[in-house]
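Working notes, beginning with the structure itself.
The values are calculated or read from the model by the stated rules, or taken from the named source; none is laboratory data. Bear in mind the structure is a predicted one, so any value in this text is a computation, not a measurement. A quick note on method: Cβ atoms are made from the backbone with ideal geometry, for glycine too, and the neighbour counts reach across all protein chains shown.
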Amino acid sequence: MVEQRLQKVLAGAGVDSRRKCEELILDGVVRVNRKVVDTLPAFVDPEKDIITVDGRRIRAAAKVYFLLNKPKGVICTNRDPQGRTKAIDLVRTAERVFCIGRLDVDTTGVIILTNDSELANRLTHPRYGLAKTYVVKVKGQIGGDAAEKLKKGVWLAEGKTGRTSVKILKRNYKESLIEITIRQGLNRQVRRMLLKVGLRVKSLKRTQIGKLTARGIGVGKFRPLSKAEVAWLKKATTA
Ligand code: URA
């Protein structure tokens, strides 16, 4: 059997995304044949080597896919030293799932959880630019000029933001409700874009990932994705 990179084997077994698995290795919680492996690169033979994470042996898992309607105050990482509620705590499954991308702790709405690191890598790759729609409540009245700037792209530390649709759903002197669709997934992107045009976010909710919505899923609840939905996600992220 050809040796494979340890982080790839961990991610393939649904431990977490490949990048997060690298962090786990460097954190010293991964053992191969009882010995801690905390440096990279590291190679293993998944058929022969005994690999554990936090003392639990990893095994090849069936791929699972869920859509969670994340409540406020829940975090999208699999390890939290502060012991806050994690998105994975809300999804009942025997498999070790993780979030595809992340929503901030204060952001609500739809997020996909899976143990399929291959799909996770593709869905977060800028090349495929899957549309993600948010409904944002901002303080004060949004002007047409701010909406135009958001559509054209604003400069963030990573560069100019890409294709963005903006729909003003409601506005008055106190607050405005905006629907914004982006195709990138930069950290805190919507909040930073709005701040760039002088708007302060009061609440942020992701209403749609591609064609997946929270319809029928209560806040804090989840449902498995159908075979057709998984097939659609895979197709949407194929070259
Ligand atoms: N943009 C943000 O600012 N926060 C999120 O949680 C998602 C997108």
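The one condition from (1) on the phi > 0 side of the Ramachandran plot; (2) more than 11 Å from the ligand (Cβ to nearest atom) that GLY109 does not meet is (2).
Could you please let me know if GLY159 is crowded, with 16+ Cβ neighbours inside 10 Å and at positive phi? Answer is no for this residue. In region 86-106, the qualifying residues are those that are in a loop (DSSP other than H, G, I, E, B) and more than 19 Å from LEU186 (Cα to Cα), and the one that is farthest from the ligand (Cβ to nearest atom) is ALA94. Selection of region 197-230 for residues being surrounded by fewer than 16 Cβ atoms within 10 Å (Cβ to Cβ), charged (D, E, K, R) and touching a Lys or Arg at 6+ places or on another chain (Cβ under 8 Å) yields ARG200, LYS202. Where strands (runs of 3 or more DSSP E) fall wholly inside region 1-85, the ranges with 1 or more residues that are buried (at least 17 other Cβ atoms within 10 Å of the Cβ) and touching an Asp or Glu at 6+ places or on another chain (Cβ under 8 Å) are 30-32, 65-70.
Residue check: ASN115 meets all listed conditions (1) over 17 Å from VAL230 (Cα atoms); (2) not assigned by TED's automatic domain parsing to the domain that holds GLU179; (3) not charged (D, E, K, R) but one, namely (1).
Taken over region 129-150, the residue count meeting the criterion of being surrounded by 14 or more Cβ atoms within 10 Å (Cβ to Cβ) and more than 14 Å from LEU195 (Cα to Cα) is 7. Could you tell me whether region 30-46 includes any residue that is more than 16 Å from the ligand (Cβ to nearest atom), of a type in the set (A, V, I, L, M, F, W, C) and in contact (Cβ under 8 Å) with a residue 40 or more places away in the chain? So far as region 30-46 goes, yes, one or more of its residues are more than 16 Å from the ligand (Cβ to nearest atom), of a type in the set (A, V, I, L, M, F, W, C) and in contact (Cβ under 8 Å) with a residue 40 or more places away in the chain.
Just to be sure before I move on: is ARG122 closer than 16 Å to GLY101 by Cβ and not in a helix (DSSP H, G or I) in the structure I sent? The answer is no for ARG122.
Each row is one residue, and each column tells you yes or no for (1) away from the ligand (no atom under 16 Å from the Cβ); (2) in contact (Cβ under 8 Å) with a residue 12 or more places away in the chain; (3) charged (D, E, K, R); (4) out of contact with any strand residue (DSSP E or B) (no Cβ under 9 Å at 6 or more places or on another chain).
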{"site": "ARG56", "(1), (2), (3), (4)": "yes, no, yes, yes"}
{"site": "PRO71", "(1), (2), (3), (4)": "no, yes, no, no"}
{"site": "ASN78", "(1), (2), (3), (4)": "yes, yes, no, no"}
{"site": "PRO81", "(1), (2), (3), (4)": "yes, no, no, yes"}
{"site": "SER117", "(1), (2), (3), (4)": "yes, yes, no, no"}
{"site": "ARG122", "(1), (2), (3), (4)": "yes, yes, yes, yes"}
{"site": "TYR134", "(1), (2), (3), (4)": "no, yes, no, no"}
